[in-house]
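Notes follow the structure.
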Amino acid sequence: MRRNIKISQSNFHKYYVKSQKEFDELAFNKFLSLTRGNRKKLVFLPTGKTPLGFYQQIIEYSLINKGFIKNFFFINLDEYLGISQSSEHSFKKYLENNLVNPLKLTSKQYYWIDNKKPIHKETTYLDSLIKKYKSIDLCILGVGENGHIAFNEPNCNPNLDFYDTSLKKSTLKNITFNKKLITHGRTIGISKILSSKKILLLVSGKNKKSSLKKLLSKKIDTNYPVSYLSSHSNVTIIINE
């Protein structure tokens, strides 16, 4: 039974762009504005094709503004289960290639979800990191064609904070390597996403239109987990048309 989630009456902060360059630059600029302040910020990060240009913007800015990146501690949203995290297909490896190595981050600046540790131990550790920073300052999300955010798949339980889940065929079809390796993922849950102070949603691709439409209708539809974001009061959405 899902909890009684209230729909926010505040409008989303929506921005439409026409090019990938505009999308990447605006995503970075909003990242800057949403994380203003002197205190070190806890930020959850997505993977995939959508944020690649945004990450490049962070790298380029950090090369000029020395010390900028030390203002953040990063955690990833999710990870595949059943594969080695040294594999090129793991999200840990993706983030090492696209953030850790280019920025020369130290282990004190990030934590990537461990897909081998028992979920109850991993949950306890992740909760301890969030407690250290008081809260999640910014949760950056993408959205799947089927409306999933992180690995919260259609008809997921919205009351979970962190959990392991089976992945839908509609999610697995986008995996370009051996699908037999992948059946499940480990993810931050809807409940924990909604506990974030601010949310930045990056939407790119014509195949995301139905998911975006569901979100903007401000009616929670359990078939589209992204629609749960309508219960949050501070969501910025950048849409590449």
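Only one of the numbered conditions (1) of a type outside the set (S, T, N, Q); (2) within 19 Å of residue 130 (Cα to Cα); (3) over 14 Å from the mean Cα position of the chain (by Cα) is not met by residue 43, and that is (3). Which of the residues belonging to the range 104-120 are in a loop (DSSP other than H, G, I, E, B), surrounded by fewer than 17 Cβ atoms within 10 Å (Cβ to Cβ) and under 20 Å from the mean Cα position of the chain (by Cα)? Within the range 104-120, just 114 meets the criteria.
Among the residues of the range 66-98, the one identified as under 17 Å from the mean Cα position of the chain (by Cα) and β-branched (Val, Ile, Thr) is 75. Counting only residues that are touching a residue at least 40 places away in the same chain (Cβ under 8 Å), more than 24 Å from residue 125 (Cβ to Cβ) and either in contact with a His (Cβ under 8 Å, 6 or more places away or on another chain) or surrounded by fewer than 21 Cβ atoms within 10 Å (Cβ to Cβ) (or both), the range 147-172 holds 2 of them. Identify the residue in the range 128-161 that is part of a loop (DSSP other than H, G, I, E, B), more than 12 Å from residue 193 (Cα to Cα) and polar (S, T, N, Q) and, among all such residues, is modelled with the lowest pLDDT. Filtering the range 128-161 for residues that are part of a loop (DSSP other than H, G, I, E, B), more than 12 Å from residue 193 (Cα to Cα) and polar (S, T, N, Q), the one modelled with the lowest pLDDT comes out as 146. Only one entry of 145, 153, 96 meets the criterion of being closer than 19 Å to residue 52 by Cα, acidic (Asp, Glu) and in contact with a helix residue (DSSP H, G or I) (Cβ under 9 Å, 6 or more places away or on another chain), and that entry is 145.
Where strands (runs of 3 or more DSSP E) fall entirely within the range 162-241, those with at least 3 residues that are not hydrophobic (A, V, I, L, M, F, W, C) are at 162-166, 184-188. Within the range 1-35, can you find the residues that are assigned to a loop (DSSP other than H, G, I, E, B), of a type outside the set (Gly, Ala, Ser) and modelled with pLDDT under 95? Once the filter is applied, which keeps residues that are assigned to a loop (DSSP other than H, G, I, E, B), of a type outside the set (Gly, Ala, Ser) and modelled with pLDDT under 95, the range 1-35 yields 1, 2, 3, 4, 5, 6, 7, 9, 11, 12, 18.
The single residue among 181, 201 that is among the hydrophobic types (A, V, I, L, M, F, W, C), exposed (fewer than 15 other Cβ atoms within 10 Å of the Cβ) and touching a Gly at 6+ places or on another chain (Cβ under 8 Å) turns out to be 181.
Across the range 15-56, which residue is nearest to residue 89 (Cα to Cα) among those that are among the hydroxyl-bearing types (Ser, Thr, Tyr) and touching a helix residue (DSSP H, G or I) at 6+ places or on another chain (Cβ under 9 Å)? Selected residue: 47. Of the residues 62, 86, the single one that is modelled with pLDDT of 95 or more and either touching a Gly at 6+ places or on another chain (Cβ under 7 Å) or hydroxyl-bearing (Ser, Thr, Tyr) (or both) is 62.
The values are calculated or read from the model by the stated rules, or taken from the named source; none is laboratory data. Remember, predicted model here, so these are calculated numbers, not experimental data. Here Cβ is always computed from backbone atoms with ideal geometry, including for glycine, and neighbour counts include all displayed protein chains.
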